[in-house]
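Scroll down for the structure; my scribbles are underneath it.
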Amino acid sequence: MIPAVFAAIFLVLWGVFYLALPALRHGARLLPKSITRAQERYAGYLPIVAIVAAGALLTAWSGDAFLDTAERLHEQQGKLHFVDTYVHDAAVQQRTAGETTFFVLMSDIGGPVGMGAIVAAVCIALLVLRRYRWLIYLAVTTGGGALLNLELKHHFARTRPDVAEMLRRASGFSFPSGHAMGATIACGALAYLATRALRSWTWKSAAMAFAVTFVAAVAASRVYLGVHWISDVGAGITAGTVWLAFTTVAYETLRRIRLLRALREKSRRP
């Protein structure tokens, strides 16, 4: 049942992304045409400004959501505590053998070892293909995200749910979820590289939909297995989104500036 639910989520997201991406691309093409001739020399910078603005908005929204959760973290009788307890108890009471197998698999793949192996394999492939900039972007994004998660865990030092109700052993602090944050960062970075490498909008949208669906499955697995509160995985996703937006916008901005300079240098040659 649960695998079918996530399959349905993937199909819905695939359709949404498939319809949305061409519309965004068409709008980006029309934007430079809407400016006056006096501003044409700056037209090439408009996509860069748009990327930075969008990244800043996404970072601000995700960061605000993370801070709101962190502020309510130690409230014993607040809404966050109520939601955490309610979802945790519901997950414990509704476990089945089939769902346990599925979520254990998602947790293993989305954990440090599983995601680390996937990222390492992609890095080796990029090294062989001599895509050094992509390799650096992926290494900095995932490696920096892992260090950031460790720092956040030690800063907030939140204890995990009761060990007696865990289906898998987990150690260390609980907030934010390392699985949720790591999967968000790694899958987001890989989805970005996939959209750069793939030509078809069909496969670009499929890569994005799969990344979102997989992150959701990994996050849900940590709550189902009883090793995290739902606020832990929510904070992991938002913190991962902040870091992913920062590194991706930085890389994309530098890439576009470099291409713009190369085109101008080429146009100046006799």
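Tabulated values for the structure
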item	result
Neighbour-count order for F103, F82, F156, fewest beta carbons within 10 angstrom listed first	F82, F156, F103
Inter-probe distance in nm under a simple model that places probes 7 Å from Cα toward Cβ, at V113 and L259	4.0
Cα coordinate range in segment 131-270, projected on the principal axes (Å, largest first)	75, 34, 21
For segment 180-222: rounded, prolate or oblate by the Cα gyration tensor [a/c cutoff 1.5]	oblate
Whole-Hz ³J(HN,Hα) from phi, Karplus 6.51 cos²θ - 1.76 cosθ + 1.60, for segment 187-202, glycine and proline x	5, x, 5, 5, 5, 4, 5, 5, 5, 6, 7, 7, 9, 7, 5, 4
Gain upon complete extension [Y86, A121; 0.36 nm per residue less C-alpha separation]	8.7 nm
Gyration tensor (Cα) of segment 131-191, equivalent ellipsoid semi-axes in angstrom	28, 13, 7
Three-way shape label, segment 105-149, alpha-carbon gyration tensor, a/c 1.5	oblate
Linear extension gain, L129 paired with L57, 0.36 nm per residue minus alpha-carbon span	22.5 nm
Computed lengthening from V104 to T202, 0.36 nm per intervening residue step minus Cα-Cα distance	32.3 nm
Protection proxy ranking, peptides 171-178, 247-254, 130-137, 229-236, average beta carbon neighbours within 10 Å, highest first	229-236, 171-178, 247-254, 130-137
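Computed from the coordinates by the stated procedures, all read-outs in this text should not be read as laboratory data. For clarity, every value in this text was computed on a predicted model and none was experimentally measured. FYI the Cβ positions are ideal-geometry reconstructions off the backbone, even for glycines, and counts take in every protein chain you see.
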